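Working notes for the structure below.
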Amino acid sequence: MDMDPSGSGGWRFAQCFGDKGDVEDITEADIISTVEFDSTGNYLATGDKGGRVVLFERNESKKSCEYKFYTEFQSHEPEFDYLKSLEIEEKINKIKWCKRQNTAHLLLTTNDKTIKLWKVFEKSLRVVSETNHYEGQRPLPPPSLRDHLKLPRMMFQENIIAALPRKVYSNAHAYHIHSISVNSDQETFISADDLRVNLWNLGISNQSFNIVDIKPVNMEELTEVITAAEFHPQQCNVFMYSSSKSNIKLADMRDSALCDRHAKCFEEEEDPSTRSFFSEIISSISDVKFSHDGRYILSRDYLSLKIWDINMESKPVKTIPIHDHLRGKLCDLYENDCIFDKFECVWGGDDKHVLTGSYHNFFRIFDVDSPNDVVLQADKSAFKAKKMSGPLPNKNGLKNGRPGGLREAMQSETLDFNKKILHASWHPRENTIAIAATNNLFLYSAA
């Protein structure tokens, strides 16, 4: 990703799915709430606030990495908890693919309270083509002799994609589920809410084990919550969870049944000179991800990305500011609740790049080993530029990424805080990224 004249790092807009109308016309249910490639990169899943899951498959007829619609199904419905008098939203919080064992796909989806394991597979429909009363569409007189009776004939009509819920894992979380992660052994997974992490076996839906519980005896003494959790990509006994107190804890399930005593704690000492009313809010970690080799941890707080070496707990090996220009606007962001936005972070398939989002539909790709970075914007100008086969234009008439281009636009006073890139996924083997921008799914590719 060397410096190139356009500053786009070779990244180009590839596709956009979803209604391309104005933001004002967007239905709440259509807003994408999670996006995830499978382990091969041939399939891509999105979940939305309406409880729907949409799957896309690689379009093999195209040379470039392009996708086409595969199937859509309703994963969750709105529910009501009569004991607590609470509405449970149908919004899909997370989707995780299980590795394929046969021709069917298995994926976990979760809303605030219930996790489901879906089986998605191709199924051939058969219809009756010949009977004693019809030959095709033509009616026949009833057979008069026994010898004239014939067996009905079946014929294949078409293949359809079916989605069936194989397991429903419910009633295990008192608080909202925000994370699920499938183990590398493909037999177990964890689910996490604000105060607990539970361990499940994929084949057993009526029993889970509580492996982390930070709930105090007196809730008035509560000082932190769990914000994200993930299994190690290679060691099936190791997982991590992050906290609103700006730390990441690494736990080993071989150590004890309840992993409250962590094996490692990654935390950077706060500089007292920069402390303010907002320090605790902006230092809360919104997402954590292991690198594919399991050696590094990527964490995202409100204003920065941090890369941690798993062998060094005292400080990150790299801190990357994302939108430091917002430091002076924290009061406004607190008033409009944007300061509580949960931005995700993603490793590139080669672990050499990291990606995260910002406001006004900007997102940034950083080089792990150098100061190089790319600023891109997932908006309508992207596919207008593709039609013209040129670089992305800017309001100033300057091209994407050049001085005064997207990098400067990202720091302007006119940012739209309703447009934000919270969710993204990176193809495991290629430089292709999927970006959720409100109700649109954008795909970008680099050579």
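Proximity of backbone amide H atoms, modeled 1.01 Å from N, is registered between residue 304 and 322 at under 5 Å, excluding neighbours fewer than 5 places apart on the same chain. Approximating the spin labels as points 7 Å out from Cα along Cα→Cβ, the residue 101-to-residue 59 distance works out to 3.4 nm.
Charged neighbours of residue 116, selected by a Cβ distance under 14 Å, balance to +4 (K, R count +1; D, E count -1). Solvent-accessible surface of protein heavy atoms, probed at 1.4 angstrom with all chains present, puts 219, 154, 240, 253 in the order 154, 219, 253, 240, largest first. The string of couplings for the stretch 86-94 from the Karplus curve (6.51, -1.76, 1.60, θ = phi - 60°) is 10, 7, 10, 5, 7, 3, 7, 7, 8 Hz, one whole number per residue in order, with x for Gly and Pro. Under 21 Å of direct C-alpha separation, and excluding same-chain neighbours fewer than eight residues apart, residue 63 reaches these lysines: 386, 387. The radius of gyration of the Cα set in the stretch 1-141, together with its Dmax, comes out at 21.4, 79 angstrom. Heavy-atom accessible area for residue 256, with the other protein chains in place and a 1.4 Å probe, reaches approximately 30 Å².
Computed log10 I(q)/I(0) for the stretch 155-304 at 0.21 Å⁻¹: -1.40, from the Debye equation with unit scatterers placed on every C-alpha and solvent omitted.
Entry for the chain at q = 0.06, 0.09, 0.11 Å⁻¹: log10 I(q)/I(0) = -0.30, -0.62, -0.89, Debye formula applied to identical alpha-carbon scatterers, no solvent contribution. The residues of the chain have, on average, 51 Å² of accessible surface per residue, using a 1.4 Å probe with all protein chains present. Applying 1/(1 + (r/R0)^6) with r as the Cβ-Cβ distance of residue 123 and residue 151 and R0 = 22 angstrom yields a FRET efficiency of 0.40. Summary value for the stretch 228-347: 22 percent relative contact order, contacts being C-alpha pairs under 8 angstrom separated by 6+ residues. In plain terms, the chain is cut at each of the chymotrypsin sites (Phe, Trp or Tyr not before Pro) found in a DSSP loop with at most 16 other Cβ atoms within 10 Å, and the longest leftover piece is 279-416.
Dividing the Cα radius of gyration of the stretch 59-176 by 2.2 N^0.38 Å, with N the residue count, gives 1.72. These residues, 105, 325, go from largest to smallest accessible area, 1.4 Å probe, as 325, 105. Close amide H contacts of residue 59 (hydrogens built in the peptide plane, cut-off under 5 Å, sequence separation of 5 or more or a different chain): 66, 67, 68. Three principal axis extents describe the C-alpha atoms of the stretch 133-237; from largest down they are 85, 34, 21 Å.
Near the amide H of residue 188, within less than 5 Å, lie the amide hydrogens of 183, 202, all on another chain or at least 5 residues away, with H placed in the peptide plane. Modelled this way, with points 7 Å down the Cα-to-C-beta line, the labels at residue 133 and residue 280 are 7.4 nm from one another.
Here the accessible area is traced with a 1.4 Å probe on the protein chains. For the stretch 216-302, carbon and sulfur cover 50 percent of it. Note on residue 301: accessible area approximately 20 square angstrom, rounded to 10, probe 1.4 Å, nucleic acids and ligands left out.
In this structure, the residue pairs whose Cα-Cα separation is over 24 Å, taken from 167/249; 84/245; 96/315; 249/306, are 167/249; 84/245; 96/315. Put simply, the C-alpha atoms of the stretch 109-174 give a gyration tensor, and the ellipsoid matching it has half-axes of 47, 13, 9 Å, longest first.
Contact order, relative form, for the chain: 14 percent (alpha carbon pairs under 8 Å, 6 or more residues apart, mean separation divided by residue count).
Taking each residue as 0.36 nm, the span from residue 213 to residue 341 lengthens on full extension beyond its C-alpha to C-alpha distance by 43.6 nm. Helical content alone sets the calculated 222 nm signal of the chain at -1000 deg cm²/dmol, taking -39,500 (n - 2.57) per DSSP H segment of four or more residues and averaging over every residue. Split the accessible area of the stretch 1-120 by element, probe 1.4 Å, and carbon with sulfur accounts for 46%.
The values are calculated or read from the model by the stated rules, or taken from the named source; none is laboratory data. Everything quoted here is computed from the prediction, not taken from an experiment. Every residue, glycine as well, gets a Cβ built from its backbone with ideal geometry; the counts of neighbours run over all protein chains shown. For accessibility, only protein heavy atoms count, side chains too; no ligands or nucleic acids. Shrake-Rupley method; radii C 1.70, N 1.55, O 1.52, S 1.80 Å.
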